[in-house]
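Inspection log for the structure reproduced underneath, given as structure tokens.
The values are calculated or read from the model by the stated rules, or taken from the named source; none is laboratory data. Computed from a predicted structure; not experimentally measured. All Cβ positions, glycine included, derive from the backbone under ideal geometry; neighbour counts span all protein chains shown. Just the protein is used for accessible areas: all its heavy atoms, side chains included, with ligands, DNA and RNA removed. Shrake-Rupley method; radii C 1.70, N 1.55, O 1.52, S 1.80 Å.
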Amino acid sequence: MNHNRLGGAIQRLTRVTMAPWARRALRSPEAAGYALLRLSGESRLMQDDATTGLDRYPTIFAFTKASLPGAQALLSFGCATGEEVFTLRRYFSEAHLLGLDIHPGNVARCRRRLAAAPDPAIVFRRAGDTRALATASMDAIFCLAVMRRGDLNAHPGAPRCDGILRFDRFAAQIEDFARVLRPGGLLAVNHSNFRLCDTPAARLFAPRLVLPATPDPRTPLFGTDHSRLADQAYGETVFERL
């Protein structure tokens with residue numbers, strides 16, 4: 001076999017045997033950054049794809065605005081490259097906005113965008129959890145398409161998720177969201193591989209916005225034991241901190 005054919009065979013074998021996240025790492029600096037977080041043993045990593053866009057969740061944003069017209073402090077958890085934060089500014093013209101993301105490259109991009117259009121009430125920080133935030137410091141938290149793992153899409157019908165994503169990590173983060181939210185504040189969780197209603201912290205919340213409950217094959221649902229749920233429809237999306 002000549003060198004060209006050998007090289008082609010190695011590339012094809014690599015595409016077949018490498019994990020999806022590793023293949024993505026070869027295609028973009030952003031994906032390479034997520035791969036480094038994985039390989040470093042970063043236990044807080046949940047979503048590993050910064051796909052985002054402006055005003056992706058208008059129903060959720062409008063509901064929050066109508067429910068909390070005087071909101072002063074909002075958190076975009078897993079803010080990726082900042083589109084959600086800049087969208088929230090359109091809905092909440094006076095609020096202080098905080099964007100947290102675990103990917104250092106994403107945070108750098110957010111800060112560059114902010115420098116180009118300064119807003120003293122917007123801050124971006126690198127963080128994979130909310131432990132550094134003060135208790136009862138937020139009026140609303142948005143956690144949208146963050147508590148999930150795209151790798152599960154590569155295994156349609158997979159009966160379990162614990163080899164990729166663990167429920168206890170999700171439950172612990174929901175618990176800390178409850179700590180950070182002020183009583184009466186709102187938590188928006190959407191496109192997650194787990195359900196808030198299954199967490200111990202569910203006792204601290206009441207659902208306030210329930211969207212049409214239709215199964216989403218891009219985000220399969222798993223239970224507390226990491227088994228795939230028989231019922232893949234779940235519409236509870238925005239919750240009030242009691």
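Looking at the range 156-166, can you tell me whether even one residue there is under 14 Å from the mean Cα position of the chain (by Cα) and open to solvent by 10 Å² or more (accessible area, probe 1.4 Å)?
Within the range 156-166 (the criterion being under 14 Å from the mean Cα position of the chain (by Cα) and open to solvent by 10 Å² or more (accessible area, probe 1.4 Å)), the answer is no, since none of the residues qualifies.
Taking the range 227-239 as the search range and keeping residues that are touching a residue at least 60 places away in the same chain (Cβ under 8 Å) and touching a Ser or Thr at 6+ places or on another chain (Cβ under 9 Å), which one is farthest from Leu165 (Cα to Cα)?
Val238
Answer yes or no as to whether Arg169 is part of a strand (DSSP E or B), open to solvent by 30 Å² or more (accessible area, probe 1.4 Å) and in contact (Cβ under 8 Å) with a residue 12 or more places away in the chain.
no
Any chance the range 225-238 includes a residue that's open to solvent by less than 50 Å² (accessible area, probe 1.4 Å) and of a type in the set (Phe, Trp, Tyr)?
no
Select from the range 123-144 the residues that are of a type in the set (Val, Ile, Thr) and under 19 Å from the mean Cα position of the chain (by Cα) and write down the one among them that is surrounded by the fewest Cβ atoms within 10 Å (Cβ to Cβ).
Val123
What pairs can you find where one residue is in the range 179-192 and without any contact (Cβ under 8 Å) to a residue 60 or more places away in the chain, the other is among the polar types (S, T, N, Q), and their Cβ atoms are less than 6 Å apart, with a gap of 6+ or different chains?
Arg179/Thr135; His191/Thr219
Return the residues of the range 82-115 that are open to solvent by 10 Å² or more (accessible area, probe 1.4 Å) and among the hydroxyl-bearing types (Ser, Thr, Tyr); say none if nothing qualifies.
Of everything in the range 82-115, those that are open to solvent by 10 Å² or more (accessible area, probe 1.4 Å) and among the hydroxyl-bearing types (Ser, Thr, Tyr) turn out to be Tyr91, Ser93.
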